[in-house]
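These notes concern the structure reproduced below.
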Amino acid sequence: MKFKFSVIIIIVLIVSCSKKEEKVTVIKEKNLETQMIEVYNQAMAEFERGDVLFAGKKFGEAELLYPQSIWAPRAVLMAAYGYFTQGYYGDAINNLERFLIKYKNHPQTDYAYYLLALCHYDQIVDEKKDLNEILQARKYFNIIVQNYPETEYSYDSQYKLELISEIIASKEMYLARYYLQREKWIPAINRFKVVVNDYETTIFVEEALYRLVELHYKIGLLNEAQKYASLLGYNYQSSKWYEASYKILNKEYNIRKIEKNSEKETILKKFKNLFK
């Protein structure tokens with residue numbers, strides 16, 4: 001009986017051990033979204049440490065793991081933002097352009113356009129050379145203003161568009177002065193006309209109008225010279241450029257300057273006389 005009892009105990013122990021082994025060896029595989037979130041979190045950790053290049057690589061891996069996930073477009077934007085913050089504009093632009101093609105209806109499309117515009121805008125160093133970056137920045141800022149006028153990015157886009165107008169106008173003035181110095185009157189006139197017609201709100205328009213008066217007078221087109229002088233006088237009568245243009249067309253006439261406070265001073269004098 002003792003032998004039989006011992007055998008029964010051994011059999012029970014073997015069965016119980018085999019059941020334990022089955023439980024231990026069963027491993028559940030992670031689904032793609034879980035894997036992606038883990039990689040995304042790794043990328044965020046690297047980004048916060050300041051290693052944007054490695055973080056960008058990890059964000060790219062996260063997107064590839066599960067492109068249909070809501071985390072995929074976020075990964076692309078985070079990679080682009082990381083590259084932008086460190087001045088890797090080419091990598092940022094590549095990610096943003098791909099985002100706009102692949103995730104057209106994403107709720108953060110306005111942000112993607114804004115960041116893309118900034119990537120080009122921040123590369124403007126010299127208005128005489130960086131024309132492509134200027135035009136690309138203007139293109140994307142215009143998209144924001146026109147298509148997303150109620151967003152937080154629209155106001156800053158409008159402001160930067162004004163600065164871009166100043167930059168382009170200064171480039172046109174630079175070229176116009178270049179032709180003027182070399183006595184190439186017609187190319188100079190054409191450049192000054194661009195400033196007057198396309199960038200009339202910039203600080204360069206007054207000088208451009210004066211130069212058009214000066215150049216048209218020089219080549220004998222008096223009616224054209226008077227036309228631009230009238231335009232300058234109508235809009236900027238108190239400016240030095242108006243006075244200079246007036247002197248060109250009225251050689252024998254001395255301009256009488258009107259003091260701004262003369263009318264006010266006359267009233268004060270009349271008021272004082274009441275108490276004399």
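Listing for the model above:
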quantity: Residue selected from region 56-91 under the condition among the aromatic types (Phe, Trp, Tyr) and in a helix (DSSP H, G or I), by the criterion surrounded by the most Cβ atoms within 10 Å (Cβ to Cβ); calculated: Phe59
quantity: Scope region 172-222; condition within 27 Å of Tyr159 (Cα to Cα), in contact (Cβ under 8 Å) with a residue 24 or more places away in the chain and not in a helix (DSSP H, G or I); matching residues; calculated: Tyr199, Thr201, Thr202, Ile203, Phe204
quantity: Residue that is modelled with the lowest pLDDT, among those in region 102-120 that are part of a helix (DSSP H, G or I) and over 14 Å from Tyr153 (Cα atoms); calculated: Lys102
quantity: Every pair of residues 6+ apart whose Cβ atoms lie under 8 Å, when the first sits in region 145-166 and is within 17 Å of Asp130 (Cα to Cα) and hydroxyl-bearing (Ser, Thr, Tyr) while the second is modelled with pLDDT of 95 or more and surrounded by 13 or more Cβ atoms within 10 Å (Cβ to Cβ); calculated: none
quantity: Test result for Ser245, surrounded by fewer than 18 Cβ atoms within 10 Å (Cβ to Cβ) and modelled with pLDDT under 90; calculated: no
quantity: Residues that are touching a helix residue (DSSP H, G or I) at 6+ places or on another chain (Cβ under 7 Å), in a loop (DSSP other than H, G, I, E, B) and of a type outside the set (S, T, N, Q), drawn from region 123-157; calculated: Ile124, Glu127, Lys128, Tyr148
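The values are calculated or read from the model by the stated rules, or taken from the named source; none is laboratory data. Keep in mind that this is a model prediction, so the values were computed, not measured. Reconstructed Cβ throughout: ideal geometry from the backbone, glycine too, with neighbour counts over all protein chains shown.
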